[in-house]
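Visitor: For reference, the structure I am asking about is given below.
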Amino acid sequence: MNLLVALPILLPLVTALVMLPFRERPGVQRGLGLGASLAQAAVAVALLSRVYAGGILTLQAGGWAAPFGITLVADLLSAVMVAATALIGLTTSIYSLGSIDREQERFFFHPLMQLLLVGINGAFLTGDLFNLYVWFEVMLISSFVLLALGGSPRQLEGSVKYVTINLLSSAIFLSAVGILYGVAGTLNMADLSARLPMIEQRDLLSVVAVLLLVTFGVKAAIFPLFFWLPASYHTPPVAVSAIFAGLLTKVGVYAIMRVFTTVFTGPESEAIFRILLWIAPLTMVVGVLGAAAQYDLRKLLSFHIVSQIGYMLFAIAIQSPLAIAGGLFYIVHNIVAKTSLFYISGIVRHKSGAFQLKKIGGLYSTEPLLAALFLVSALALAGIPPLSGFWAKLMVIRAGLESGHYFVTAAALAVSLLTLFSMTKIWNEAFWKDDPGVVSSTDEAHGNGRTALLYLPVVMLCGVIVFFGLSFEPVYELSARAAGQLLDVESYRNAVLGGGL
Amino acid sequence: MHSLILSTSSRYLLVLLQLFSVFLLLRGHNEPGGGFAGGLVAAAAYALYFIANGVEEARRVFRFEPLTVVVAGLGVALASTLPSILGGMEFMQSVWGNTGIPVIGKVGTPLLFDVGVYLLVLGITLKIVFSLAGEDEP
């Protein structure tokens, strides 16, 4: 019995359930949220170390054997993603204590956050394509409400775009799953990977592969499908946009990684990788150029999310063990650095009263700690040694050179430079130049005065960034093993199907 | 608009439909029906009562806060997984006990899970119906 595999889903679900009756007692909800996030972190560490030591863990719900029942699978890739989710969940629950107001709490902020984590962890742990769809829906429904929390007109405008595009992408996902079931007669990922090579209707499989790429591409915000992201991520409360920025797009990237290496292994996934080799540089370049034009702090950072997704796609498209390891490390590094930058944007807003870079300034002299933390996160994002981003980029670029994709590698290096330029812009505008004095220096709308609670999560994440950078060896070891395990589809299949069939 | 015929018949239909919903719930394991269908029928009974007699009256007859019923349903469904966890079996594995009660027959965790679904569907449907019925309270 491997209940440990189900715990990352069950724990937040039970927490949300217990929270619901305490609508008028936010103190209880806050305590439960914090306690649950701490427990979740412990569970994630336990899961990761069990999988690291003992190989792939599976859970067949109800004891129904693999291709028929509901299967949960935790391999190293899933376990690492669950651990990253737990870290972001923990920091966000701390950050929200200092930034979410009573009204937002009354509208079920805390239970919704837990349900969002249920969906994300479910998507990482499922071993079945239809269940992946279900977990996506759980995640989306919670995110719809979280995005609109507070209900200002600007937020509703952002939510309408977000909801529309995501409903459309869900419909595409469902059609793809339907066609695939019609063709293959199964939706269990391990079973599919065994059966797909024998299927004769290759055209239908190509259609399914492209439909899946589109639907995951919408979630991951890849090149032609990214427009909804900068249009909506700058509107909700900072705690919400930080967790969205850190985790939601990466669920899409994870799905691309999982489906096109584990499920599709033949010519279809090779075709997808050829497409991705074009999409990856376009995503990097368009994202970073979009960011260059922005002066709203959170909009600027949102465009950088898109740009960074390009590197992960590039890593997936190369498919060498080094590239996959680099891609996985890139995802984790990006989750941490991006979330940290969004938290910082919230503190900037709290201290200076605005997100618009033109209106603020002088934070270097008034908030030196904030300036230092920003520098760590921003330089990590741009890939300056010895921070985590340097190693992540080094691995991806080295894999690119080794596989002979010189053009895309050159684009990746150029985009790195532009990212640094963009971060320098934030530094110059928000921290270095004198305060233009356009806005009054405090903003009552954001934050409730517990500033230490805003700083603590940023300090934690910056600690992780520096740790990844300085002790890279064990982190590399873990990523390399996860990549090896992901590319070894045979052992995944054996773990899930028990060597039968 | 108040219709005497509708409001009188809805009072009898409320009871009949609820009995029918429990019937659906109990036969659901092997035959068409189950917690979802049963919950919807029960919610439809109160929705009809609300159309005939107004939302205040329907809320009074329902007695519970719909959200509480949702929580109870989720709780019951989750509790149905406890025997499998405590018994050291695969997660969510069915545990059956033979009661020998006629009509109901074997009772086990799948029935408990179905009861949870029934309450959840009933609660969430009524929450939506009552909210749409024109109350601003979120």
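Every number in this text was worked out from the coordinates using simple rules, so none of it is lab data. Source: prediction; values computed, not measured. All Cβ positions, glycine included, derive from the backbone under ideal geometry; neighbour counts span all protein chains shown.
Visitor: Report, in deg cm²/dmol and to the nearest 500, the calculated mean residue ellipticity at 222 nm for chain A, where each DSSP H run with n ≥ 4 adds -39500 (n - 2.57) and the sum is divided by the residue count.
Guide: -25000 deg cm²/dmol
Visitor: Right, here's the next one. Near B:Thr81, within a Cβ-to-Cβ distance under 14 Å, what is the net charge of the other residues, with Lys and Arg +1 and Asp and Glu -1?
Guide: With Lys, Arg at +1 and Asp, Glu at -1, the neighbours total -2.
Visitor: With N denoting the number of residues in segment B:1-62, provide Rg(C-alpha) divided by 2.2 N^0.38 Å, to two decimal places.
Guide: For segment B:1-62, the normalised Cα radius of gyration comes out at 1.21.
Visitor: Let me ask another. Around A:Ser193, under 10 Å between beta carbons, what's the net of Lys plus Arg minus Asp minus Glu among the other residues?
Guide: That sum, taken over residues with Cβ under 10 Å, equals 0.
Visitor: Let me ask something additional. Dipole of segment A:3-491 (Lys/Arg Cβ +1, Asp/Glu Cβ -1, origin at the Cα centre): which of A:Ala184, A:Phe407, A:Ile243 lies farthest to the positive side?
Guide: Of the listed residues, the answer is A:Ile243.
Visitor: Anything over 18 Å Cα to Cα? Flag those among A:Lys299/A:Lys425; A:Lys161/A:Lys250; A:Lys250/A:Lys338, in the order listed.
Guide: Checking Cα-Cα distances, A:Lys161/A:Lys250 exceed 18 Å.
Visitor: Along the Cα→Cβ direction, 7 angstrom out, place labels at A:Asn428 and A:Arg102. What is the inter-label distance in nm?
Guide: Simple spin-label model gives 4.5 nm for this pair.
Visitor: To the nearest 10 degrees, how steeply does helix A:406-426 sit against the main Cα axis of chain A, on a 0 to 90 scale?
Guide: In chain A, helix A:406-426 runs at an angle near 30 degrees to the longest axis.
Visitor: Under a Cβ-only charge scheme (Lys and Arg +1, Asp and Glu -1), can you give me the dipole magnitude of segment A:161-288 about the Cα centre, in debye to the nearest 20?
Guide: 300 debye
Visitor: Around A:Ile243, with a cut-off of 12 angstrom between Cβ atoms, what is the net charge of the other residues, counting Lys and Arg +1 and Asp and Glu -1?
Guide: Net charge in that neighbourhood comes out at +2.
Visitor: Right, next: Take peptide B:60-70, look around each residue's Cβ out to 10 angstrom, count Cβ atoms belonging to other protein chains, and average those counts.
Guide: 1
Visitor: Now for a separate question. Could you give log10 I(q)/I(0) at q = 0.13, 0.18 Å⁻¹ for segment A:238-388, computed by the Debye formula over C-alpha point scatterers of equal weight, without solvent?
Guide: Results for segment A:238-388 at q = 0.13, 0.18 Å⁻¹ read -0.63, -1.06.
Visitor: While we're looking at this one, here's another question. Roughly how crowded by other chains is peptide B:72-82, in terms of the mean Cβ count from those chains within 10 Å of each of its Cβ atoms?
Guide: 2
Visitor: Further question: Rounded, prolate or oblate, given the Cα gyration tensor of the protein assembly as shown, with a/c below 1.5 counting as rounded?
Guide: Taking the square roots of the gyration eigenvalues as a ≥ b ≥ c, the protein assembly as shown is oblate.
Visitor: Each residue of segment A:45-60 in turn: what ³J(HN,Hα) in whole Hz from Karplus with 6.51, -1.76, 1.60 and θ = phi - 60°, glycine and Pro shown as x?
Guide: Working through the residues one at a time gives 5, 4, 4, 4, 6, 4, 5, 5, 7, x, x, 5, 9, 10, 9, 9 Hz.
Visitor: Quickly work out the A:Leu420-to-B:Val95 label distance, labels modelled 7 Å from Cα along the C-beta direction, and quote it in nm with one decimal.
Guide: Output for this residue pair reads 6.2 nm.
Visitor: Could you name the aspartates and glutamates whose alpha carbon sits less than 17 Å from that of A:Lys358, not counting residues in the same chain fewer than 8 places away?
Guide: A:Asp296, A:Glu429, A:Asp434, A:Asp435, A:Asp443
Visitor: May I pose another question? As I understand it, the dipole of the protein assembly as shown uses +1 on the Cβ of Lys and Arg and -1 on the Cβ of Asp and Glu, about the Cα centre. Which of A:Tyr492, A:Asn334, B:Gly123 lies farthest toward its positive end?
Guide: Checking the options against the dipole of the protein assembly as shown, the answer is A:Asn334.
Visitor: Across 5 Å bins from the origin, how do the percents of Cα pairs in segment A:1-100 run, short distances first?
Guide: Result, from short to long distances: 2, 13, 20, 19, 17, 12, 9, 5, 2, 0 percent.
Visitor: Give me the aspartates and glutamates in straight-line cross-link reach of B:Lys106: C-alpha distance below 16 Å, same-chain residues under 8 apart excluded.
Guide: B:Glu31, B:Asp114
Visitor: Let me ask something additional. Running Debye on segment B:4-132 with equal point scatterers at the Cα sites and no solvent, what base-10 log of I(q)/I(0) appears at q = 0.12 Å⁻¹?
Guide: So the normalised log intensities are -0.51.
Visitor: Still on this structure: Quick check: pseudo-label points 7 Å beyond the Cα along Cα→Cβ at A:Glu24 and A:Ser491, how many nm apart are they?
Guide: 5.7 nm
Visitor: Just checking the output field for B:90-97: average partner chain Cβ neighbours within 10 Å of each residue's Cβ?
Guide: 5
Visitor: In addition: Under unit Cβ charges (Lys, Arg +1; Asp, Glu -1), what dipole magnitude, rounded to 20 debye, does the protein assembly as shown have relative to its Cα centre?
Guide: Charge dipole of the protein assembly as shown: 460 debye, to the nearest 20.
Visitor: Further question: Please state the relative contact order of chain B as a whole percent: Cα pairs under 8 Å, 6+ residues apart?
Guide: About 29 percent, as a whole number.
Visitor: Can you work out the PRE-style zone for A:Leu174? Point 7 Å along Cα to Cβ, and I want the residues of segment A:188-218 with backbone N under 20 Å.
Guide: Under 20 Å, as judged by backbone N against the label point of A:Leu174, lie A:188, A:208-218 of segment A:188-218.
Visitor: Using Cα pairs closer than 8 Å and at least 6 residues apart in sequence, work out the relative contact order for segment A:3-491, in percent.
Guide: Once normalised by length, the contact order is 16 percent.
Visitor: Would you please put A:366-372, A:161-167, A:318-324, A:397-403 in order of how densely packed they are, using the mean number of other Cβ atoms within 10 angstrom per residue and starting with the highest?
Guide: A:318-324, A:397-403, A:161-167, A:366-372
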